[in-house]
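Notes follow the structure.
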Amino acid sequence: MQHAFERRDDTLWIEQLSLPALAERFGTPLYVYSQAHLTQQFQALTDALKPQPHLICYAVKANSSLGVLRLFADLGSGFDIVSGGELERVIGAGGDPEKVVFSGVGKSAAEIDFALKLGIHCFNVESEAELDRLSERAGRLQVRAPVSVRVNPNIDAQTHPYISTGLRHNKFGVAQVHALNLYRQIENSPWLEARGLDCHIGSLIMTPGPLIEALDNLLGLAESLAADGIELDHLDLGGGFGVPYHDEAPFELQQYADAIKDRLGNSNLKLVLEPGRFLVANGGVLLTRVEYLKPAPDADGRNFAVVDAAMNDLIRPTLYQAWHGIEPVVQHADIAPLAWDIVGPVCESGDFLGHDRQLALAPDDLLVVASAGAYGFVQSSNYNSRNRAAEVLVNGDQVSIIRQRETISDQLALEQLAPWQR
């Protein structure tokens, strides 16, 4: 299943519920997630890796809604976090801290202390300075910190520069030539324990080649560490494997899994993966309604469909020049399609969801923006004092709201006038 929705006659459905019924009940803009799709993606990855011992740690930053996190926790997933707030969400959703890996370049002392007290699986360390801080905090708490050094292998992931993380000029990880010295520091510290070796070269990678190259680099480094007397428990290959948003060929999951199993089959290293987008992107949609149609006045103009969702709801098209499929939820057989720019109400020319889409549109039409399950709601904001959208989770013929629609009272609750303004 490439996307979570399907068309039945002229109308789009998600599992056993029609999208118009969901929009009528919960309003728009509305994020809708398919439990069946998310479950299927998790199971497909698990099946592809069998019988290789592994731990899947869902990348919380892709979609951190409690309902989504609880779904993956119930499936047995671990979690890849990049902040103390994400760790709070994992615990709030019933996740197991012993299945949590903590990535990110800027872990604060408070975040480290919180994770140490909970007993997480591993810290993915990204600098010598972070390693020093982790050792100091662990010493204060009189506990040993499990450590994996994130290596930057200088491999081009062939993806958008904003989501490339494995090149020398990226802020993430440490150069391979420095990794051995860091592991020696770990071995010499009474408060650190070398648990694994980590790498993550980027996101939305559509071919296994760069990921396999990174795997081979890590295995070579693991051999050097073993020769130096440093034995590891696991190899963390990160995530990054992509999904189709437009007409891309699907990622060759089985090819990648087979390469992993071929290389790790005779080793004692357990596999850790950190997928995010792969699990959730095509399991979610954003529903939005047409507010106004603004046809071009002449042949040189553009046709604008102004909808009630905006760049504050889904910033990927503006930030990454990302393409999301957009369709009318109910098709019109009696309207000729035109090339429409789908734009929002935000006061920016960069506020768009799609350009030059051939669509047959009428006023008040409901549109679906596909592939919105990853980096959609999590990157939303209150720009222009707009309320953030509601989120719902669909399970067959059941639906539950997992985040209420924000109100202006919610926005203003944390603000106040200065004393001299009262």
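What follows draws every value from the coordinates through simple rules; no lab data is involved. Given the structure is predicted, the values throughout are model-derived calculations rather than measurements. Using ideal geometry, Cβ is built from the backbone for each residue, glycine included, and neighbour counts are taken over all protein chains shown.
The table below gives the values:
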item	result
Local net charge near residue 339, Cβ-Cβ under 15 Å (Lys/Arg +1, Asp/Glu -1)	-2
Choice from 229, 238, 139 showing the highest fluctuation, given a GNM over the chain with Cα pairs closer than 10 Å	229
Pairwise FRET efficiency - residue 379 versus residue 98, Cβ, R0 = 22 Å, nearest 0.05	0.15
Surface/4 estimate of mean projected area, convex hull on alpha-carbon atoms of segment 35-278, nm²	12.2
Student exercise, the chain dipole from Lys, Arg, Asp, Glu Cβ charges, in Debye to nearest 20	920
256, 58, 320 arranged by Cβ crowding within 10 Å, fewest neighbours leading	320, 256, 58
Cα-Cα P(r), segment 241-280, percent of pairs per 5 Å interval	5, 20, 23, 23, 14, 9, 5, 2
Cβ crowding within 10 Å averaged over residues, with 303-314, 104-115, 278-289 ranked highest first	278-289, 303-314, 104-115
Charge tally in the Cβ shell below 11 Å around residue 189, where Lys, Arg are +1 and Asp, Glu are -1, residue 189 excluded	-2
Burial order of peptide ranges 59-66, 199-206, 324-331 (average beta-carbon count within 10 Å, highest first)	199-206, 59-66, 324-331
Surrounding net charge for residue 261, when Lys and Arg each add one and Asp and Glu each subtract one, Cβ distance under 13 Å	0
Burial order of peptide ranges 393-405, 409-421 (average beta-carbon count within 10 Å, highest first)	393-405, 409-421
Computed P(r) (all Cα pairs; segment 276-343; 5 Å bins; percent)	4, 12, 21, 25, 18, 12, 5, 3, 1
